[in-house]
1. In terms of solvent-accessible area of protein heavy atoms at a 1.4 angstrom probe, what is the ranking of L407, L175, highest value first?
2. In whole Å, what are the Cα extents of segment 334-429 along the three principal axes, biggest one first?
3. For the full complex of protein chains and a 1.4 angstrom probe, list F298, F73 by accessible area with the highest value first.
4. Just the number, please: carbon plus sulfur as a percent of the accessible area of the chain, 1.4 Å probe, no ligands or DNA/RNA counted.
5. In Å and whole numbers, how far do the C-alpha atoms of segment 117-183 stretch along each principal axis, longest first?
6. What chymotrypsin sites (Phe, Trp or Tyr not before Pro) does segment 106-190 have in DSSP loop regions with at most 13 other beta carbons within 10 Å?
7. Who wins for biggest fluctuation among Q418, Q226, Q275 in a Gaussian network model of the chain, springs between alpha carbons below 10 Å?
8. Could you point to the residue in V305, V227, A240 farthest towards the positive end of segment 208-334's charge dipole, with +1 and -1 charges on the Cβ of Lys/Arg and Asp/Glu respectively?
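The values are calculated or read from the model by the stated rules, or taken from the named source; none is laboratory data. A quick note: this is a predicted structure, and the numbers were derived from the prediction, not measured. Cβ: placed from backbone, ideal geometry, glycine included. Neighbour counts: every protein chain shown. Surface accessibility is based on the protein's heavy atoms, side chains included, excluding ligands, DNA and RNA. Shrake-Rupley method; radii C 1.70, N 1.55, O 1.52, S 1.80 Å.
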Amino acid sequence: DSNGVITFQLTLTNLGERFTLNELWYWLPIPSQANQTLDFVGRWSNERNPQRRDIGIGRWVRESLEGRSGHNFTIGEIALTSSTNFSSGEAWSIALAWSGNSQYCVEKTYEGAQSIGASEYLMPGEITLEKNSSYQAPRMMATYSANGLDGLAQAHHSFLRGRSSHPNSPRPLTLNLWEAIDFEHSDERVKPIIDAAADIGVERVVLDDGWFGSRRSDRSGLGDWQVSKEVWPNGLKPLADLVVSKGMQFGLWFEGEMLQIDSDVYRAHPDWVLQEPGRMPVFGRKQQVLDLTKPAAFNHVLEQVDSVLKSCQISYIKWDHNRSISDPISDGRPAVHNQTNAIYNLFDELKKRNPGLEIESCSSGGGRIDLGMIEHADRFWTSDQNDPLERQSIQRWTAMVIPPELLGTHVGPTNGHQTHRTVDIRFRV
């Protein structure tokens, strides 16, 4: 690539009888002057902290096994010299384009040979190839910079901006209503905020959790993607029309990969939970994971979401994923690989059916930001952290790989929800 990015795509075809694939790695040599590595660690609201260490003898492995890339996920693995900084020095990076389970590795032999690698993490029996069938590994990007870490970032950004799908219009100033109204949905609560948003120049308004089914709290309704007549008796069209009439876009929140036991969809289809047969997984966020590898479950989400989108002028969706996948098993077999491809296919089909639709990837904050999801989403909810001082580091290091125009940045409240720090509005903006 003219931007200095090399892309790899491995495909393994089985020419013999049935074959179970355990792992398929990308490996690249790194020169002897590369004596350190840089990757990223974190947790909810504190994602992508840099971790720099010397390369020692042996193998160093970073695994992500949440069924999503995760808050403690490293977007890439970087080898560099001890003198490399932002503007000078050599650096070599690899980054896997995958939103499921993954692993990165740096290895050095006693004789001094060094290499760096990445792979989708496959569970036992997850990929079984019959004769003449194939497995296609996630794509990998590799980059070299002689101009420090900024050179790596520039190469990544230029490469990604060259895609035909990359947003080419100015990114809208977005108001998400969650922190203003929580689950208290009504015309009386929302309309004055929309009026104020239009007055100050907001360009997109997003109605968050609580508009559907029995979802008056976080204890029920997840998975029933139909507008609640209790809180929106006339549907969402009057609200969407109001937003659009004021020159703004209207957006809506979904969490379509999840469901709750107290929901119509679970009562009708208890077998749609990803689980070891006969054993309900531990609950996370009071919810379970919907098995999108089942065609009927996939079509349920697709048709319900598409119906809501077509009912009014919705040009944007915030798609959340608030729970790691603890029991990724469908009909007795590991399912992360197929579940990951299913959400890619779902997003692509929604965009095909609704031209111009933009999708924001959110995962309890910044838990699914990777080069796989970037091909299907148009914006990332970079973190739930809304303290601007804390936020600076999160934005800076995420932008090592992802162009900043795809990274949502928050103007948070006077008192940060996580840190309780009081910050002046001028600095927050």
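1. On the way: L407 10, L175 45 Å².
If we order L407, L175 from most to least accessible, we get L175, L407.
2. In descending order, the Cα extents are 44, 33, 23 Å.
3. On the way: F298 35, F73 10 Å².
Listed by decreasing accessible area, they come as F298, F73.
4. Working: 9100 of 18250 Å².
C and S fraction of accessible area: 50 percent.
5. On the principal axes, segment 117-183 reaches 54, 48, 24 Å in Cα extent.
6. Numbers: sites: Y110, Y121, Y135, Y144, F159, W178, F183; in loops: Y110, Y121, F183.
Sparse-neighbourhood loop chymotrypsin sites (Phe, Trp or Tyr not before Pro): Y110.
7. Q418
8. Of the options given, the answer is A240.
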